[in-house]
Amino acid sequence: MAYVVAEPCIKCKFTDCVAVCPVDAFREGANSLVIDPDTCIDCDLCVPECPVSAIYSESDLPEQWAEFAELNARLAAEWPEITEKKDPLPEAEEYRDKPGKRDLLDESPGGD
């Protein structure tokens, strides 16, 4: 069972998690990250690295964010791989504790 990036990542995009992923399972969107469920090996290394607590085992994903399991799978097929830590988005501190960010998810690919 793969790990899932949920709503708290939106408009923050901290990439501390990316630096510890041994299989490069993270994918980068314009304002969020997702985990490719076909690549994730359930190692749990990324979970404590996320400063906004956005990463959950699919079996522990809060009900309010259940749709993020499907979103991660779908967007991972469209977004580019990210393998190195980058600076968070400029608005990360402003949005880090804001609830209800789902409508702010930009589904376009990210990257440089």
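Couple of notes before you dig in:
- Charged-residue dipole, Cβ positions (Lys, Arg, Asp, Glu), the chain about Cα centre, Debye nearest 20: 200
- Taking every lysine pair in the chain that is 8 or more places apart or spans two chains, those with Cα atoms closer than 17 Å amount to 8.
- Local net charge near LYS85, Cβ-Cβ under 10 Å (Lys/Arg +1, Asp/Glu -1): -3
- Each residue of the range 16-31 is assigned a 3J(HN,Hα), and the resulting list reads 4, 5, 4, 5, 9, 6, x, 10, 6, 8, 7, 10, 10, x, 4, 9 Hz, derived from the Karplus form 6.51 cos²θ - 1.76 cosθ + 1.60 (θ = phi - 60°), x at Gly and Pro.
- Quick note on the chain: its Rg to Rh ratio, both from C-alpha atoms and Rh being the Kirkwood radius, is 0.91.
- The alpha-carbon positions of the range 47-94 define a convex hull whose volume is 119 Å³ per residue.
- In Hz, Karplus ³J(HN,Hα) per residue of the range 59-68 (6.51, -1.76, 1.60; θ = phi - 60°; x = Gly, Pro): 6, 10, 4, x, 3, 4, 10, 4, 5, 6
- Shown for the chain: the carbon plus sulfur share of the solvent-accessible area, taken with all protein chains present and a 1.4 angstrom probe, equals 45%.
- Centre-to-centre separation between the Cα atoms of the range 1-59 and those of the range 83-112: 12 Å.
- Length-normalised contact order for the chain - Cα pairs under 8 Å, 6+ apart - percent: 44
- Annotation: amide H of GLY29 within the under-5 Å range of VAL34, GLY110, sequence separation 5 or more or interchain, hydrogens built in the peptide plane.
- Think of it this way: in the chain, CYS9, CYS12, CYS21, CYS40, CYS43, CYS50 stand alone, with no other Cys Cβ under 4.7 Å.
- Here the spin labels are modelled as points 7 Å beyond Cα on the Cα-Cβ line, and at LYS86 and ARG102 they lie 2.6 nm apart.
The values are calculated or read from the model by the stated rules, or taken from the named source; none is laboratory data. If you're wondering where the values come from, they're calculated on a predicted model, not measured in any experiment. For neighbour counting, all protein chains shown are included, and Cβ atoms are generated from backbone atoms with ideal geometry for every residue, glycine included. With ligands, DNA and RNA removed, areas are computed over all heavy atoms of the protein, side chains included. Shrake-Rupley method; radii C 1.70, N 1.55, O 1.52, S 1.80 Å.
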